[in-house]
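Since every read-out is calculated from the coordinates, none of them should be taken as a lab result. Since we're looking at a predicted model, the values are computed, not measured. So basically every Cβ, Gly included, is an ideal-geometry build from the backbone, and we count neighbours across all protein chains shown.
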Amino acid sequence: MAEFIPVETFDIVIFGATGDLTQRKLLPALYHRWLDGQIPADSRILGSARSEMSQEAFQAFAKSACKDGSGADWDEAQWTEFAALLSYHGMDATAANAPWDELKAALSGVPGRPCIFYLATAPRLYVSICQALGKAGLNSPDARVVLEKPIGTDLASAKAINDGVAAVFEEKAVYRIDHYLGKETVQNLMVLRFANALFEPVWSRAEVDHVQITVSESLGVDQRADYYDSSGALRDMVQNHMLQLLCLTAMEPPGSMHENDVRTEKIKVLHALRRFTPQEAKEKTVRAQYTSGLVEGKAVPGYLEALSADTPSKTETFVAVLAEIDNWRWAGVPFYLRTGKRMRERKSEIVIQFKPAPHSIFGDIGTAVNRLVIRLQPKEAVRLYIQIKEPGPGGLRVKSLPLDLSYAENFTTRYPDAYERLLMDVVRGNLSLFMRRDEVEAAWRWVDDLINAWTELDEPLDTYPAGSNGPSSADFLLRREGRAWWETNI
Ligand code: BG6
């Protein structure tokens, strides 16, 4: 049974309070934590954005945000109690004449009470909002600042943001969110690896043939086309979510779950990632853009048609990378990463493919390999494929079948959204699921090399029809080494 331990009373100010993230994730996450009795009733939730909005209008906005997804379980009395925590403060936080005194007056100001500033704004505003917070004297020892990804668009801009924020807040007060780290199944990666002694002896180049990490999405870029076109799949997904998954899969066992133990092991992986030269980028990476096609039975336009721009965009909506980790554990083991928009299905999955048995006493029929398939979403599951004898007469037949641990069959609890866990961790002051400054910068260093290599190569993008598994060049990346992407459905 899930148990919710209440956190201490806190104040949170959400900048960008009328935006998409607040609406889809932050308000519903806080509301769910409230419903589970985790948020004390004297906490305060302040929304702030540039738009002028009455308290009533903000309440209505928040109500519809929290209602979406609650379905038939909506409880008006609970909502009314939660709504009493909310208030709205319209202001341009970067303007010289911003009414900080009014915002300060709305905060409890109780010494020792966590005061969280969540920057759900464009990253270019992070530094100026932090400077304004500092000027208003809101960077007290109780203050914490939460930064959404992307932290910058390359190493230089990430450093500039980190430096600007560091001038106002100490590193231990800075919570850089990668929401993948808040997902239940991503946290389970650590439990799977480090609470089961079984895996450690086979978790290295001695037994692992290769690793695949796929995060495919059936959605396109829709309303986010402007942001996405200046970003692309490498910056939007690989620099953060995919590299975090790679780190959790490849890192050495940390000494404890303490934030710095975990983050120090992850950063060692990032430092050991082989950096790309243009020649290597040509051989080991694929980037592509979707064209029109059928996704889940529905005709959808191609990426270029979805954009309003006049000039054809060179932004990739798909990327596949053969990453290599130069350390003793993983030398020679390819990590194939793949992510894309408008693909056949929504699926995040890690596949550890083991080496074949050294000799098959069953001849050709006993040569299939073992695989550990970790399905992160949807249909969360852990499946270990093993070979068994198919029962019955007619000669010996060997079949590959999974030992199957499906979440749905084993757990009936609702899985909290990643933001619920992460927001409560900010209140608790637990940084382990947040990215440290050096981690973000190490990830950018690797990504920057790749971007520079692509720029130097200046090759046209591949294409793939919407609703497919990506371009054939991504299949070739594995096929030329006698491997294939794991496409089996759960
Ligand atoms: C975000 C990206 O960080 O993650 C989006 O900006 C992407 O482009 C999203 O769609 C995927 O998150 P999830 O939780 O739906 O897998």
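Observations, loosely collected:
- Long-range HN-HN contacts of ILE12 with modeled amide H, under 5 Å: ARG44, ILE45, LEU46, ILE116
- For the listed peptides 235-246, 430-441, a ranking on the average number of other beta carbons within 10 Å per residue, highest first, reads 235-246, 430-441.
- When the square roots of the Cα gyration tensor eigenvalues are ordered a ≥ b ≥ c, the ratio a/c for region 375-490 is 1.5 or more and a/b does not exceed b/c, which makes its shape oblate.
- For region 190-336, size of Cβ-based charge dipole, Lys and Arg +1, Asp and Glu -1, in debye: 300
- Loop-located GluC sites (Glu not before Pro) across region 27-115 with a Cβ neighbour count of 13 or fewer within 10 Å are GLU52, with loop assigned by DSSP.
- Viscosity 0.890 mPa s, 25 °C: Kirkwood-radius Stokes-Einstein D of the chain over Cα pairs, µm²/s: 101
- Structure note, pairs LYS159/LYS284; LYS67/LYS341; LYS183/LYS347; LYS149/LYS284; LYS25/LYS341: Cα-Cα distances above 18 angstrom occur for LYS159/LYS284; LYS67/LYS341; LYS149/LYS284; LYS25/LYS341.
- Summed residue charge, Cβ within 11 Å of GLY109's Cβ, Lys/Arg positive, Asp/Glu negative: +1
- According to the Cα-based calculation, Rg over Rh for region 60-151 is 1.02, with Rh computed by the Kirkwood formula.
- Amide H contacts under 5 Å for VAL295: VAL300, restricted to partners 5 or more places along the chain or on a different chain, H placed in the peptide plane at 1.01 Å from N.
- Span from the region 297-376 Cα centroid across to the region 51-86 one, whole angstrom: 40
- Dividing the helix sum by the residues of the chain, where each DSSP H run of 4 or more adds -39500 (n - 2.57), gives a mean residue ellipticity at 222 nm of -9000 deg cm²/dmol.
- Degrees between helix 418-428 axis and first principal axis of the chain (Cα, 0 to 90, nearest 10): 50
- Global form of region 389-446, assessed from the alpha-carbon gyration tensor, a/c cut-off 1.5: oblate
- Using alpha-carbon coordinates, inclination of helix 437-457 to the longest axis of the chain, degrees: 60
- Cut-off 11 Å between beta-carbons: net charge of the residues surrounding TYR415, Lys and Arg +1, Asp and Glu -1: -1
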